[in-house]
Amino acid sequence: MPPLRTSARLRAAAVIAATTVLVGALAACGDASGGAQGASDRPGTLSAVAEPPVAGIDHDPDDPATWVVSGEGVGDIRVGARFDETLGALPGQWRRIADCGAEWTGDGGVTVTFVSDGSEIAAVEVAGSIGAPSEAPRTREGLGIGSMRDEVTAVYPAFSERSSGDVEVVHPEADPGVAFELGAGDRVVGMLVAPEAAPACEETAEE
C-alpha cells in the first residue's frame, strides 16, 4: 500500500470525511518519499475471533506494534493531543514528515503515521500488508491489518460502506472515529482514526 502522502487508495477513500482529513493534512506536508506496497494476497482465512483479546498488560510504550486502536487514537497517540509533546514523548524510531507529521515503520513494513492541524494531532493511521492482525496495532476485539471484511462487519454489524475503484472503506457506527480500509481480497490494509472534520496542516516556512 502506498504511503499516505501519495496514496491513490486514500484519495479515493476521501468519499468519507474522516479520510479526507488525513489526505489533506499529509498532502500539505509535501513529503513524496517512499515506495508502494501491495495488499496481502496470502492464502487462507484469518479469524479476528482467534486473535487474542488486547489487554492493558499487552501495551508496550516502546513497541507500537502492541498498541490499541480506538476512536480516540492509536496507543499513546491521541487525536486532539499536542503534536510536539506527543512526538517528544515517543520512542526514538519515529521519522518526522515535514512540519506536520511523523511516521513509525515496523519490522513487517507496517506504518503508524500521525499528522497535526498545526498544533494538535488531527488524524492517525495504521497501514501495511501483513498476515496476522496481532503483528501490528489492532482494536481491543483483535481487528487489524490482515483482518477480513467479514470479520470487521461481524464485530461491527452496523456500519456504513463506501467504495471507489479498488478502495473500500467500512465505517462502524458503534465506533465512528475508526475507519477500516480494505484492499485486495477484502483484507484490511489500513485503519484510520480521525474526527469527521478538522483543518489540514500547512507546512511552516523556515525562518
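The values are calculated or read from the model by the stated rules, or taken from the named source; none is laboratory data. Bear in mind that the values here come from a model prediction, so they are computed numbers and not experimental data. Positions of Cβ are backbone-derived with ideal geometry, glycine not excepted, and every protein chain shown enters the neighbour counts.
So D117 ticks every box in (1) out of contact with any Cys (no Cβ under 6 Å at 6 or more places or on another chain); (2) farther than 30 Å from A154 by Cβ; (3) of a type in the set (D, E, K, R); (4) modelled with pLDDT under 90 but one. Which box is left unticked?
Condition not satisfied by D117: (1).
I need the full set of residues from segment 156-176 which are touching a Leu at 6+ places or on another chain (Cβ under 9 Å) and either among the aliphatic types (A, V, I, L, M) or modelled with pLDDT of 90 or more (or both), in order please.
Y156, V167, V169, V170
Please count how many residues of segment 69-87 are assigned to a strand (DSSP E or B) and farther than 19 Å from G146 by Cα.
4
Of all residues in segment 159-178, which are charged (D, E, K, R) and either crowded, with 24+ Cβ neighbours inside 10 Å or in a loop (DSSP other than H, G, I, E, B) (or both)?
Scanning segment 159-178 gives D166, E173, D175.
Considering only segment 100-131, how many residues are surrounded by 18 or more Cβ atoms within 10 Å (Cβ to Cβ), within 16 Å of R82 (Cα to Cα) and out of contact with any strand residue (DSSP E or B) (no Cβ under 7 Å at 6 or more places or on another chain)?
Residues that pass the stated criteria total 1.
Can you spot a residue in segment 148-158 that is of a type in the set (S, T, N, Q), touching a Phe, Trp or Tyr at 6+ places or on another chain (Cβ under 9 Å) and surrounded by fewer than 17 Cβ atoms within 10 Å (Cβ to Cβ)?
yes
List every residue pair whose Cβ atoms sit under 9 Å apart, with the two residues 6 or more apart in sequence or on different chains, where the first one lies in segment 87-106 and is at positive phi and the second, anywhere, is part of a loop (DSSP other than H, G, I, E, B).
That search, which allows pairs on different chains as well, returns A98/G30; A98/D31; A98/C201; A98/E203; A98/T204.
Might you check whether a residue that is part of a loop (DSSP other than H, G, I, E, B), in contact (Cβ under 8 Å) with a residue 24 or more places away in the chain, β-branched (V, I, T) and out of contact with any Pro (no Cβ under 9 Å at 6 or more places or on another chain) occurs anywhere in segment 136-155?
For segment 136-155, residues part of a loop (DSSP other than H, G, I, E, B), in contact (Cβ under 8 Å) with a residue 24 or more places away in the chain, β-branched (V, I, T) and out of contact with any Pro (no Cβ under 9 Å at 6 or more places or on another chain): absent.
Which number in (1) crowded, with 16+ Cβ neighbours inside 10 Å; (2) modelled with pLDDT under 90; (3) within 21 Å of D62 (Cα to Cα) marks the one condition that Q93 misses?
Result: Q93 fails condition (1) only.
Please go through (1) assigned to a loop (DSSP other than H, G, I, E, B); (2) modelled with pLDDT of 90 or more for G131 and return the number of the only condition it doesn't satisfy.
Answer for G131: the failing condition is (2).
Looking at segment 88-118 only, could you name the residues that are over 11 Å from A65 (Cβ atoms), in a loop (DSSP other than H, G, I, E, B) and either of a type in the set (V, I, T) or within 14 Å of the chain's Cα centre (by Cα) (or both)?
G109
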